[in-house]
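What follows draws every value from the coordinates through simple rules; no lab data is involved. Bear in mind that the values here come from a model prediction, so they are computed numbers and not experimental data. All Cβ positions, even for glycine, are placed from backbone atoms using ideal geometry, and neighbour counts span all protein chains on display.
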Amino acid sequence: MDQIDSLDGEWREKWKDKEITAKGAIKKIILGNRVFIGSACSEPQALTAELIKSSESLIDTEIIHFLTIGPEKYFKDKAEDLFRHNAFFIGKTLREEINKGQADYTPILASEIPSLFLSGRKNCDVALIQVTPPDRYGFCSFGINIDVAKPIAQAAYLTIAEINPQMPRTLGNSFIHMKDIDYFVYNDAPLLEFQFKEKIDVSGKIGKNVANLIENKSTIHIGNGYLPNACLKHLMNKKDLGMHSHYITDNIIPLIENAVLTCRKKNFHPEKIITSFALGTKKLYDFVNNNPYIEFYPSDYVCNPKYIGMNKKMVSINQALQIDLTGQVNTSTKGYNFYSGIGDTVDFMRGAAFSKGGKPIVVLSSTRKNDTVSNIVPHLDEGAGVILSRADIHYVVTEWGVAYVHGKTIRERVIELICVAHPKFREQLLEHAKKLNYIYSDQILPCDEQGKICIYPSIYETIYTARDNEKIVVRPVRTTDEPLLKELYYSLNERDRYLRFFEVRKEFTHSKTQCEVNIDYNKVFSIGAYVGEIGNEDMIGNATYYLNPAMNLAEYSFVVREDYRGRGIGSFLYRHLIIIAKEKGIKGFYGSIHIQNKSTVQIIRKGGYTKINPPEVGEKELFYEVYFDKENSMD
């Protein structure tokens, strides 16, 4: 990497009294020391390799890690380790040994690690870091990893740097002066690289669902795991996004190059991406080199919920391993075995919750082990760690949809989560929930005549632009729409209720309305018109058909909330439901309309070839038939 204002070869001569070999550097460590190793792709490889070689002389030495992904093996195949490891976040290099009791794990928030050392509550004797060569002022950049490396280096009694000319020079609070480095080792070597392994079939669907939640001008954080990173690929149609994230990956580059990730609308550090470390390939390292658009800061700044929440529309995307029906989330353990750690999850979920217009999001695949095990469960596995409490959860996204649970009752959130579980497990989860008295004992789910769970038909989702340019979502109704439908019905006055139900219906209880949202999307199909964001929606219109198989005609009904009438919504719902009915092979609609309901008669006439039978003397209803095709109208 080219360095701005570097001294080229002169700096080694200037600071020659500090230069030693890797072997000489490790000899500075004495028995009983606590030693920090630079994290993730910034691990000082020459120093780490020598540390492992010298393990037999470092008995009772504690080695501190944050995230270890390097190829070096810290343990001999058949022996206990000769020094003790302590991980603040668990990478695969130490995962097995931690769960065997051969290494330690310290659960702690990413935002709190720096103060743990800077305050002196935990001392660090030696910090092994990797930095750039010094510039002409003597400052070295920590490069692609600042997060805990800089604070710990500041707190350590002895700081030993591996100076690597291939380390990119990054900007922000990312520098250390040669005067603060006690010794250095020169090593011109490629940096470690990292790529997430993605499950395309699931991550694509989850990414699209997350993208639907993200507004233009939002600021994004991606948490640990392949799913949050994969979500970035589905944001290409957004505008003026920002980023405030503990780490960044290669996936930000296309967003920047296509003017999606502009940071222009950020109110906190405007026009800057704020991060702590880069986790990616050489392409990313070249991109961040001397790039003033990206600034690196320690994790006590980047992960501080107070600062995170200062970003408007802060969106935090975090991956979970498992979630129970009440909303408790496990992100870090598999049973009693530790898998990752707390990291930045809690910090960013709470920071996003503080943000004006913020959205804390949990993403997870609905199943694992080839769809044989559900990740949405009645209760977490024995030994599982609750990283996020019921009160922390807002949005839960799987490949089957979005559940919004914040501020909702146990009954409401259970239904929400069942509806984004894999369909093959929904009936089982429903029965568990009934046994636990979480939900109504008569609660049902959308099923066909054989009792098979019906899949929500997302292909029929659309947007209607009203005459005043308001965007209204039109989509099939689902189980979780029951309270919205009830609110719509209760908003109707006596006349509207009479015209809709041919009686002045007084109550719309669960037992009466749940059948209207738990439909088979075949013989019964219902769509709603919605305003507001997910979690704060109102249903302002509803249209439904009920198929009569003997006639291959469907009875049709609809209603629009009074304050939204006269804006074309009723006509749009009618036309959209006709499109659906025609795809289902239905030849037309029929039904009865009160003679006073003149607006509905006008809408019905627009549906195709219409036959309207006027009422007999003394009757108040007229009967209509609408055939979508002329041929059917002549049957």
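Around the amide H of GLY343, modelled in the peptide plane, lie the amide H atoms of ILE108, ALA110, all under 5 Å away and 5 or more residues distant in sequence or on another chain.
Using the beta-carbon distance between ASN291 and MET236 and R0 = 25 Å, what value does 1/(1 + (r/R0)^6) give for FRET efficiency, to the nearest 0.05? E between ASN291 and MET236, to the nearest 0.05, is 0.75. Sum up the charges of everything whose Cβ sits under 13 Å from the Cβ of GLN322, counting Lys and Arg as +1 and Asp and Glu as -1, but leave GLN322 out. Within the 13 Å Cβ shell, the charges total 0.
With contacts defined as alpha carbon pairs under 8 Å and 6 or more residues apart, what's the relative contact order of segment 458-633 in percent? Across segment 458-633, relative contact order equals 17 percent. Axis of helix 345-354 versus longest Cα principal axis of the chain: the two differ by about 50°, to the nearest ten degrees.
Alpha-carbon geometry of segment 200-435: the Rg and the Dmax are 17.5, 60 Å, given in that order. Against the chain, whose longest principal axis is taken from its Cα atoms, helix 569-583 shows a tilt of about 90°.
If you count the DSSP beta bridges with both ends in the chain, what percent of them are antiparallel, to the nearest 5? Of the beta bridges lying entirely in the chain, close to 50 percent run antiparallel. The packing ranking, built from the mean of other Cβ atoms within 10 Å per residue, places the peptides 427-434, 546-553, 319-326 in the order 319-326, 427-434, 546-553, highest first. Proximity of backbone amide H atoms, modeled 1.01 Å from N, is registered between GLY280 and PHE194 at under 5 Å, excluding neighbours fewer than 5 places apart on the same chain. Taking the centroid of alpha carbons for each part, segment 148-202 and segment 447-461 are 52 Å apart. The local environment of TYR574, defined by Cβ-Cβ distances under 11 Å, has a net charge of +3 under the rule Lys, Arg +1 and Asp, Glu -1. The GluC sites (Glu not before Pro) of segment 344-413 that meet both conditions, a loop assignment by DSSP and at most 14 other Cβ atoms within 10 Å of the site Cβ, are GLU382. Spin-label model, LYS598/THR21: points 7 Å from Cα along the beta carbon direction are separated by 10.1 nm.
Its Cα centre serving as origin, the chain has a Cβ charge dipole (Lys and Arg +1, Asp and Glu -1) of approximately 1060 debye. Kindly express, to the nearest 10 degrees and within the range 0 to 90, the angle between helix 200-211's C-alpha long axis and the longest C-alpha principal axis of the chain. Taking Cα atoms only, the helix is inclined about 70 degrees.
The lysines whose alpha-carbon is closer than 23 Å to the alpha-carbon of LYS306, local same-chain residues fewer than 8 away aside, are LYS150, LYS217, LYS265, LYS266, LYS272, LYS356, LYS359.
Pairs from the list LYS27/LYS334; LYS92/LYS369; LYS238/LYS369; LYS16/LYS53; LYS283/LYS334; LYS486/LYS598 with a Cα-Cα gap above 27 Å: LYS27/LYS334; LYS238/LYS369; LYS283/LYS334. Computed with the Debye formula from one identical point scatterer per Cα of segment 386-511, without solvent, the log10 of I(q)/I(0) at q = 0.12, 0.16 Å⁻¹ comes to -0.61, -1.02. Among the chymotrypsin sites (Phe, Trp or Tyr not before Pro) in segment 336-428, those placed in a DSSP loop whose Cβ has at most 11 other Cβ atoms within 10 Å are TYR336. Counting only aspartates and glutamates at least 8 places from LYS239 when in the same chain, those with an alpha carbon closer than 12 Å to its own are GLU215. In loop segments of segment 452-521 as defined by DSSP, the GluC sites (Glu not before Pro) with at most 15 further C-beta atoms inside 10 Å of their C-beta are GLU461, GLU470, GLU503, GLU507. Gain on full extension, evaluated as 0.36 nm per residue between LYS606 and LYS208 minus their Cα-Cα distance, stands at 139.8 nm.
Under the 0.36 nm per residue contour assumption, what length would be gained going from the current alpha-carbon distance of ASN536 and LYS179 to full extension? All intermediate terms of the calculation are to be shown ahead of the outcome.
Working: separation 357, 0.36 × 357 = 128.52 nm, distance 5.57 nm.
Difference between extended and current length: 122.9 nm.
Past the 24 angstrom mark, what percentage of all C-alpha to C-alpha distances in segment 157-291 do you count?
When all Cα pairs of segment 157-291 are counted, 37 percent exceed 24 Å.
Each label point was placed 7 Å from the Cα along the Cα-to-Cβ direction; for ILE455 and ARG368 their separation is 2.4 nm.
Spin-label model, ASP60 to SER119: label points 7 Å out along the Cα-to-beta-carbon direction sit 2.8 nm apart. For the peptides 216-226, 283-293, the ranking by packing is 216-226, 283-293, with the highest mean count of neighbouring Cβ atoms within 10 Å listed first.
Spatial offset of segment 483-543 relative to segment 228-276 amounts to 40 Å, using the alpha carbon center of each. Considering helices alone, the calculated mean residue ellipticity of the chain at 222 nm is -6500 deg cm²/dmol, with DSSP H runs of length four and up weighted by -39500 (n - 2.57) and normalised per residue. Looking at the calculated P(r) for the chain, what percent of the C-alpha pair distances fall above 34 Å? Tail of the P(r) past 34 Å holds 52 percent of the pairs.
Within the shell defined by Cβ-Cβ distances under 11 Å, the residues around LEU499 carry a net charge of +1, with Lys and Arg each +1 and Asp and Glu each -1. Over what distance in Å are the Cα centres of segment 313-333 and segment 546-588 separated? Between the Cα centre of segment 313-333 and that of segment 546-588, the gap is 39 Å.
Here LYS523 is the anchor, and the aspartates and glutamates within straight C-alpha reach of less than 15 Å, apart from those fewer than 8 places off in the same chain, are ASP448, GLU449, GLU555, GLU583. Full extension of the chain between GLU621 and THR462 gives 54.0 nm of extra length, using 0.36 nm per residue less the Cα-Cα distance.
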